[in-house]
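A short write-up of the structure that comes next.
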Amino acid sequence: MPDGIEDLIRRWDDQQSAYITHREQRFEIMLDVIAHVCETAPGLDPDGSGLTALDLACGPGSLSQRILERFPRARVIGIDYDPVLLTLAGTWLGARYGERFTALDADLAAPGWDAGLPEGAAHVAVSSTALHWLEPAQLVALYATLGELLPLDGVFMDADHLRFDPAAQPLLSALSAADDERTQHAAHSQGVQTWDEWWADAVALPELGGRKAARDRRFADRPPTPHAPLELHLSALRTAGFAETGVIWRHFDDVVVLGRR
């Protein structure tokens, strides 16, 4: 593994935790749900044998790594359109877990993003701090695709900030913003990097910096996306054929949404 990759991953986790107050808690509840799937679904075992999970917009692989570590026989397909982060995930997780991790370059915002997946690949799909980048119509289309990909009783989970409406929910919005500010201030005052500082270090590595131009091209024409509230996520999942939907964890406006086919 190239020098600096492990340290860069550690600092990614640190800077992400500065923006997400209980990041490890929400990972843990997602892993607990996956454990239940492994224990109850036909053809799967508690150690993850037979399980393939999709990590949607996987970034450098934080959630993928936790799945691979907790379930030593599971496989994960990490999907991302960011060539810098996907290269980082493939390098890091490939060195650690070999063929149990597959990095797939695909744009979740585009129709047909699932074309590169093997037939019947996924039993579980997850995402963390990523799908807010999709426009509402793209999110609805993504959920429709997942409704076709996942088998009956297959599970999807999304952990993300789903913001309150500041006009209709001013107190909840203010409380959430204050919590964000406290968490960031505590972390940054102890030397944790900001998002921009981490990225400056990432692209300084030759293995990643060579992919920055491609990243810039891919995201050059993508404006900030409008707010997609929790209700839209739940409604879109139901429309996509998920029989059961709900929130399994919450801290102010940070939630984990679950859908069961």
Efficiency by 1/(1 + (r/R0)^6): what FRET value for residue 171 and residue 3, r their Cβ-Cβ distance, R0 = 45 Å, to the nearest 0.05?
0.40
Restricting to Cα pairs under 8 Å and 6 or more apart, the percent relative contact order of region 142-261 works out to 48
Testing the spin-label approximation: label points 7 Å from Cα along Cα→Cβ at residue 17 and residue 231. State their distance in nm.
3.6
Go ahead and set up a Gaussian network model of the chain, Cα springs under 10 Å, then flag whichever of 187, 115, 144 fluctuates most.
115
Residue span residue 99 to residue 200: 0.36 nm per residue of separation minus Cα-Cα distance leaves a gain in nm of 33.4 nm
According to a simple spin-label model (label point 7 Å from Cα along Cα-to-Cβ), what is the distance in nm between residue 220 and residue 35?
4.8
Which shape class, rounded, prolate or oblate, goes with the chain when its Cα gyration tensor gives a ≥ b ≥ c as root eigenvalues, a/c under 1.5 marks rounded, and past that a/b bigger than b/c marks prolate?
rounded
Just to confirm my numbers, what's the Cα centroid distance between region 42-98 and region 238-261 in Å?
22
Working out 0.36 nm times the residue gap between residue 212 and residue 152, then minus their Cα-Cα distance, what length gain in nm do you get to one decimal?
17.6 nm
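Under the rule a/c < 1.5 gives rounded, and otherwise a/b versus b/c splits prolate from oblate, where does region 1-103 land using the Cα gyration tensor?
oblate
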Treating only Lys and Arg (+1) and Asp and Glu (-1) as charged, each at its beta carbon, one finds that the chain has a dipole about its Cα centre, in Debye to the nearest 20, of 200
For region 160-254: rounded, prolate or oblate by the Cα gyration tensor [a/c cutoff 1.5]
oblate
Given Cβ charges of +1 for Lys and Arg and -1 for Asp and Glu, the option among 252, 97, 129 whose Cα lies farthest towards the positive end of the dipole of the chain is 97
Name the helices (complete DSSP H segments) of the chain with a Cα length along the long axis of 15 Å or more and a Kyte-Doolittle mean of at least -0.5, or state none.
23-40, 83-97, 136-149, 170-188
Extension gain residue 110-residue 132, at 0.36 nm per residue separation less the Cα-Cα distance, in nm?
6.4 nm
Take every DSSP beta bridge with both residues inside the chain and express the antiparallel ones as a percent of the total, to the nearest 5.
40
Label zone at residue 145 (point 7 Å along Cα-to-Cβ), backbone N below 17 Å, region 61-92
77-83, 86
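Just so you know, all these numbers are worked out from the coordinates, no wet-lab data involved. Owing to the predicted nature of the structure, the values given are computational and were not obtained by experimental measurement. Please note: Cβ atoms are built from the backbone with ideal geometry, for glycine as well, and neighbour counts cover all protein chains shown.
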